[in-house]
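To start, the structure itself, in structure tokens.
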Amino acid sequence: MHCSPTSAAALLPLGALLLAGSLNVCAQTVQDTPAGEETKTLKPVTISGTRDRNSQTYQSGVVSVGKTQAAAKDIPQSLTVVTEKLIHDEGKDTLKGALQNVPGITFEAGEGGRIGDNIRLRGFTVAGDIYLDGMRDIAQYNRDTFNLQNIEVLRGSASMLFGRGSTGGVVNQVSKQAHKGTASEINTTVGTGNYLRLDGDFNVATSEDSALRFDLMSTDWDGRADKAGTHRRGLAADYGIGLGTTDEWHFSVYHLDYNDKPDLGGRWLQGAPAPLPTDKWYGVDSDYQRDSADIATASYTHYFDDGSSLKTKVRDGQYRRDLWATQLNAFANTVTQDNLNGNTTVNRGNQTRAGEEHHTFLQSDYLTRGEWFNLKQELLLGAEYALERSTRYTYSNVPAKPATTVAAASNAAVADTRIKNWANTFKATTLGLYVQDTVSLTDFWKVVAGLRWDQFGGDYDRLTGGTLSRTDSVWSKRLGLMYQPTETVSYYASYGTSFNTSGDLYQYDANTANTPPESSRNIEVGIKWELADGDLSVRTALARTDKYNERNTDINQSTGEYLLSGQRHTDSLEFEVQGKLTERWEIFAGLVFMNGVIDQAGSSAASQATVGLNPGLTPAKQANLWTTYRLDDKWRVGGGITAVSENHPASSSAASLANTAPGYVKADALVEYQINPRNALKLNIDNVGDTVYYSSLYQGWPSLAPGRSVRLTWTANL
Amino acid sequence: MLLRIHQALTADELHQIRHLLLSADWVDGRVTAGTQSAAVKNNRQLPEDCANAQQARHLVSVALARNPQFVTGALPKTVYPPLFNRYGGESNAFGDHIDNAVRTHAATAKHVRTDISCTLFLSDPDSYDGGELVVQDTYGEQRVKFDAGDLVMYPGTSVHRVEPVTRGERIASFFWIESMVRQDAQRRLLYDMDMAILDLRRKGGDTAEVVKLTGCYHNLLRMWADT
């Protein structure tokens, strides 16, 4: 070369040489419009959870029910998320109340056998499929909403993700978690029936990436006839360390206790609810239901440099329950729907049980993304270990409850002469290992395939009958295919299986201990749309949930009665819409058509008589609508309806299945006034028309739902 | 043209800016946004008049002025003072949009035509998931998530969005440039030519051909530039 190259460091681009030092930046003292005024074309997915409730919606774009954070439309199964905003707007203070927004859910009235939240989904029990932050929360208690962020309801068999159970689906409660920054909210509600609820939610930053969130709740209500009420207290705290960093820790504790007077409701009479006055309660003042839950959870998530994450959670939960309630016994044979009057004798009996549960869980999920075999894939590897211990007690020497009359409704207390006896102890261990892969075949086609192996072992020790033991090893499968030709639509078809072992909900007897697990499967096709630039989610699904080789012990009876023996299925067609119709108009609505049928039953004549019948708690039609409209900056109005067609209690007898609770439509209303950005007043009127309806049914009786209530809430943001 | 500028900030500047930003009080982007933009906007921003923002803005401006690649790529006439935003937690995304064509500086009433949009990444990409800047470039969709201290420039005419941040936080500075050369295609030609000439000079020094090409560059710039 005839000339040596100039040193690279000295060379500059021509443009830079030309303009060196000439950068003209506008003056630094800016009072400019913020960068929010760009032209709008599409909207982002909104994740609810911000304290600025006005910016929240009824839509939750991201859900955690599939073990990983995922967009709702990427889950090939029916899914409903009840958001904190909806729970708040409707003034729902119990899990059961909040779940009335979910079509396909029905409630079984509790007796003494299994108490607490008794939920059915597509007609199948989910008593064993209630989750709290992805871990089983199956103890028998009534859950409050004070520490809930979202409630996720995934329909259809999902043992691949959750292990045993989940025939009709799962209900996952998502707790409020510590987040960065400081924000607090206090809700004070007063209402009819001396309702008083205080709920304080505080998030305090303790450093740049750590925070403590605590939530306190106190609720009192006099209930029906100002007698059957509730007194609940709750405390929850979550301390988060390393928030938003590669090593995130959460330590949380939860405590809930309550002292209620249970309202077990009325009685079936000639195939329908007895026409008892709604303002009378037939319990006695010594009745009670005292339950408590104490849960401690630690979780640790590590995010690897390659984008993978490993999340490990450990939980210890202790639960206590003690119930002494009054149930209505059958009326005299001469009493009919027509001649029941104020002088009719009301016979009363006892439900009294107690128990303790102690659950320990360890769960670990590893999630990684990558491109293998030239295909984009998302791989989930997980393991779960569970140790569940349960002790039950019975009471002997229970004093009889004196009869009363329809009009007199004596509530005089009964002296407690009961003697508490140990009845049985159950210990179950679960070991589950699972793998799931989500493969993007092309830009439009995705496949989800998963496999889980569970070993479930149970030991049962009984006061009478000695010990029983059983171990099962079961495989569960999940397969889904999604076609997403655009960002706004997802067509899917999916197949999932589930199983229920005999010891599932701690009910072994000599027969069930010898019975292999039941099997179920769910086949579903559906469409999920994201309309109005993503502000509105609409979905529809057609599903068949099939439980074959069914054992199905009635979990509400300790005598081990078999409800069904054989096979049953539910076909359902669902429609749901959630989100914003316009900037001011929000909606959360659903409609389901269900057809539940008993396909096969035991060989006895009584069992055969149930074939072809609806298995109960599977109403043919259910609809719910909740909508709000913002009139201006200050005022917002809203309301909704819940409609359920006629319904029957779940039962093993054709006679009991013939008991019919009439269909109903009940309406609720909301008016909200925003005093200033930090304070709001909200008036809820529940059951505006004071409609008489039965929201939970048991083969022994239908349970009357509360009448009209008015509640005023002051929300203060600190 | 979508252009990446590696290490527009030094490690020290990055550290200083991050400290200034993290110790400031941020507000929800919607607090000050209008009704329509509130619907699309879901992030947090730094109040522009706060002292920390002004110091951070100054550091960014100084760094840009001394960066040859930035200057040659943008051929800047006026740079709008850098702004800062923060995505994470519940405020984590910004849907598809096109930036306003002209931004008026409130204090000086000076108009800036937004020929070029810039994002200066201030968070380590490993510290957050999601948060990609997705730009519909003339050559299709580009997903951008660069190292802290790196800058991306792209035509203001592009539809772009910020994907939801699902973990961690994405802090960035963003601003606009009115270029002396209004058309993106012309800027691209000039930039490519400039870089080619630079390579030729590195390899062979200032040959006669290089001088001739340099002349072409300047004459093109003379033809297109609006000073």
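Each value in this text was obtained by applying a stated rule to the coordinates, not by laboratory testing. Everything quoted here is computed from the prediction, not taken from an experiment. We place every Cβ from the backbone using ideal geometry, glycine too, and count neighbours over all the protein chains shown.
For this structure, a couple of remarks:
- Relative to the dominant Cα principal axis of chain B, helix B:184-204 is inclined by about 60°.
- Close amide H partners of residue A:146, meaning residues 5 or more places away or on another chain with modelled amide H under 5 Å apart, do not exist here.
- Alpha carbon Rg of segment A:443-496, scaled by the compact-globule rule 2.2 N^0.38 Å: 2.06
- Multiplying the residue separation of residue A:527 and residue A:683 by 0.36 nm and removing their Cα-Cα distance gives an extension gain of 52.5 nm.
- Linear extension gain, residue A:487 paired with residue A:633, 0.36 nm per residue minus alpha-carbon span: 49.3 nm
- Across segment A:346-362, coupling constants 3J(HN,Hα) worked out from phi with the 6.51/-1.76/1.60 Karplus curve, θ = phi - 60°, read 9, 8, 10, x, 10, 10, 9, 8, 8, x, 9, 10, 9, 10, 10, 10, 9 Hz, and Gly and Pro carry x.
- Counting neighbouring Cβ atoms within 10 Å and putting the fewest first, the residues B:141, B:13 line up as B:141, B:13.
- Rounded if a/c under 1.5, otherwise prolate or oblate - chain B, Cα gyration tensor axes: prolate
- Were the residues from residue A:495 through residue A:461 laid out at 0.36 nm apart, the gain over their Cα-Cα distance would be 8.5 nm.
- Every Cα-Cα pair of segment A:392-480 was included, and the share exceeding 18 Å stands at 71 percent.
- Spatial offset of segment A:414-462 relative to segment A:594-621 amounts to 27 Å, using the alpha carbon center of each.
- Degrees, to the nearest 10: B:11-22 long Cα axis against longest axis of chain B: 30
- Each of residue A:645 and residue B:166 was given a label point 7 Å from its Cα along the Cα-to-Cβ line. The distance between the two points is 3.9 nm.
- Simple label model, 7 Å out from Cα along Cβ direction - residue A:247 to residue A:286, nm: 5.8
- Here segment A:298-328 is scanned for amide nitrogen atoms under 11 Å from the site 7 Å beyond the Cα of residue A:362 along Cα-to-Cβ, giving A:313-315.
- Spatially, segment A:670-714 and segment A:143-166 are offset by 25 Å when compared through their Cα centroids.
- For segment B:105-198, the Cβ-based charge dipole about the Cα centre amounts to some 420 debye (Lys, Arg positive; Asp, Glu negative; other atoms uncharged).
- Percent of C-alpha pairs per 5 Å bin in segment A:128-179, short distances first: 5, 21, 30, 23, 13, 6, 2.
- Alpha-carbon gyration tensor eigenvalues x 5, square-rooted, for segment A:628-718, Å: 38, 12, 10
- Under 5 Å from the amide H of residue A:621 lie the amide H atoms of A:594, A:645, each residue being 5 or more positions distant or on a separate chain, with H modelled from the backbone and absent for Pro and chain starts.
- FRET efficiency, residue A:194 to residue A:294 (Cβ-Cβ, R0 22 Å, nearest 0.05): 0.20
- The calculated FRET efficiency for residue A:444 paired with residue B:147, based on their beta-carbon distance and R0 = 30 Å, is about 0.40.
- Once divided by 2.2 N^0.38 Å, the Cα radius of gyration of segment A:79-159 becomes 1.03.
- Förster-model FRET efficiency, 22 Å R0, residue A:514 and residue A:473, C-beta, rounded to 0.05: 0.85
- For the protein assembly as shown, the 222 nm mean residue ellipticity estimated from helices alone, with every DSSP H stretch of n ≥ 4 adding -39500 (n - 2.57) and the total spread over all residues, rounds to -3000 deg cm²/dmol.
- Phi to ³J(HN,Hα) by Karplus 6.51 cos²θ - 1.76 cosθ + 1.60 over segment A:443-458, Hz, x for Gly, Pro: 5, 9, 10, 10, 10, 10, 9, x, 9, 9, 10, 10, 10, 10, x, x
- Scaled against the 2.2 N^0.38 Å expected of a compact globular protein of N residues, the Cα radius of gyration of the protein assembly as shown reads 1.09.
- Placing pseudo-labels 7 Å out from each Cα toward the beta carbon at residue A:383 and residue A:412 gives an inter-label distance of 6.4 nm.
- Computed from backbone phi with θ = phi - 60° and the Karplus coefficients 6.51, -1.76 and 1.60, the 3J(HN,Hα) list for segment A:363-372 is 9, 9, 10, 10, 10, 9, 10, x, 10, 10 Hz; x is used for glycine and proline.
- Ascending count of other beta-carbon atoms within 10 Å, so fewest first, for B:216, B:118, B:50: B:216, B:50, B:118
- Relative packing of peptides B:199-212, A:345-358, A:696-709, A:673-686 - highest average C-beta neighbours within 10 Å first: A:696-709, A:345-358, A:673-686, B:199-212
- Cα centroids of segment B:152-227 and segment A:399-413: 90 Å apart.
- Taking 12 Å as the cut-off, the amide N atoms of segment A:631-654 that come nearer than this to a point 7 Å along the Cα-to-beta-carbon line of residue A:691 belong to A:640-646.
- The ellipsoid equivalent to the alpha-carbon distribution of segment A:286-338 has semi-axes of 53, 17, 6 angstrom, derived from the gyration tensor eigenvalues as √(5λ) and listed largest first.
- Distance histogram in 10 Å bins (all Cα pairs of segment B:84-135, percent per bin): 17, 43, 29, 11
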